[in-house]
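What follows is a single structure, written as structure tokens, with notes after it.
The values are calculated or read from the model by the stated rules, or taken from the named source; none is laboratory data. For clarity, every value in this text was computed on a predicted model and none was experimentally measured. Cβ placement follows ideal geometry from the backbone for every residue including glycine, while neighbour counts extend to all protein chains displayed.
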Amino acid sequence: MKYNSIKFILLVVLIFLPLSSLQAADLFFDRAKTAMPVSQQFMLPLYLDTGGEAINALEGEIIFPVNLLEVKEIRYHDSFINFWIEEPSEQNGKIKFSGIVPGGYMGRKSLVLSIIFEAQQLGNGQINFNNTRLLLNDGTGKAANLYKQNWNFEINNSEPIILNEVKEIIDRDPPEIFDPILTQAIDIANEQFILIFATQDKGSGISHYEVKEGKADWVKVTSPYILQNQNLDDKIIVKAVDKNGNQRLVIIKPINAKPWYAKIEFFGIIILVILLVAVAYLLGKKTRKHKRKK
């Protein structure tokens, strides 16, 4: 009788428990083969199942044994994450990432990123997560319930695979169109003018950004970027370059453009015209003098 009462109480709790508390997102690696030979390169995709809830941010760390695996490349150009606060990068056996999805996102099996590893030596290991957090798109910034599946693997003496399963990315398209934002920021640059920019490249991914202010040289930069010319009287060109070398240029017209008579180029042209007129006059005068002598 006592046993039946406990079952009844549990049943009532489960029925009236809010559905959201039962839901949980799932962060997992998807790879059928867990064993590979030494020196074999392989791709390990990371997916997210949002568990039927809308989310807008994901961050975390992927930990792997550096004695067994080496990261050759991290691909995230086709990720469901729109904007990376911290682009995925590896250092000392740890891959850190942090991104947001403005407006929220919901999906069953959505690609976060793909890691290309190379097996280094014989052994068994595990790839797991640390400091991982998923935020709900509910206006409160509340963390979602998140279930994380670690990935166990083996590096053995099996015959190496002749064909490399990691395919080369063919990308001939430039990064997507974007609109840099020119603004002032007290907390970032003490009221100096800065540029904020970001774009995506679904082919090979963004490699880097460059900025050219007026006649200055191109400079490799990251966003936000403090402008060197705080007078804003020259045009600014922002260049996005993908990993295959394709480029997208965006030109920002000068906000405080100099009047035509205040530009050095204008005076240079005037001086050049005066010199040409003077030379022409002297040559003409010399020619006329020569004709009179004849």
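Working carefully through the options Ile116, Ile100, Ile85, Ile74, find the one that is of a type in the set (A, V, I, L, M), touching a strand residue (DSSP E or B) at 6+ places or on another chain (Cβ under 8 Å) and surrounded by fewer than 15 Cβ atoms within 10 Å (Cβ to Cβ).
Ile85
With the structure loaded, tell me whether Ile194 is surrounded by 13 or more Cβ atoms within 10 Å (Cβ to Cβ) and touching a helix residue (DSSP H, G or I) at 6+ places or on another chain (Cβ under 9 Å) or whether it fails that test.
Spelling it out, Ile194 is indeed surrounded by 13 or more Cβ atoms within 10 Å (Cβ to Cβ) and touching a helix residue (DSSP H, G or I) at 6+ places or on another chain (Cβ under 9 Å).
If we scan segment 134-149, do we find a residue that is within 21 Å of the chain's Cα centre (by Cα) and farther than 22 Å from Thr222 by Cα?
Taking every residue of segment 134-149 in turn, at least one turns out to be within 21 Å of the chain's Cα centre (by Cα) and farther than 22 Å from Thr222 by Cα.
Test each condition in (1) surrounded by 14 or more Cβ atoms within 10 Å (Cβ to Cβ); (2) at pLDDT below 95; (3) of a type in the set (S, T, N, Q) for Thr140 and report the one that comes out false.
(1)
Being modelled with pLDDT of 95 or more, in the same structural domain as Asn130 (by TED's automatic domain parsing) and of a type outside the set (Ser, Thr, Tyr) is the requirement here; does Lys96 meet it?
yes
If you scan segment 44-62, which residues turn out to be buried (at least 16 other Cβ atoms within 10 Å of the Cβ) and of a type in the set (A, V, I, L, M)?
Correct list: Leu44, Leu46, Leu48, Ile55, Ala57, Leu58, Ile62.
Is it the case that Asn256 is in a loop (DSSP other than H, G, I, E, B), loosely packed, with under 11 Cβ neighbours inside 10 Å and modelled with pLDDT under 90?
yes
Only one of (1) assigned to a strand (DSSP E or B); (2) among the hydroxyl-bearing types (Ser, Thr, Tyr); (3) more than 25 Å from Ile177 (Cβ to Cβ) is not met by Ser98, so which one is it?
Among (1) assigned to a strand (DSSP E or B); (2) among the hydroxyl-bearing types (Ser, Thr, Tyr); (3) more than 25 Å from Ile177 (Cβ to Cβ), Ser98 violates only (3).
With respect to Glu159, determine if the residue is exposed (fewer than 12 other Cβ atoms within 10 Å of the Cβ), within 16 Å of Leu44 (Cα to Cα) and at pLDDT below 90.
Taking the combined requirement at face value, the residue does not satisfy it.
Just the residues that are surrounded by 16 or more Cβ atoms within 10 Å (Cβ to Cβ) and either among the hydroxyl-bearing types (Ser, Thr, Tyr) or in the same structural domain as Glu73 (by TED's automatic domain parsing) (or both), please, taken from segment 208-239.
Tyr209, Tyr225
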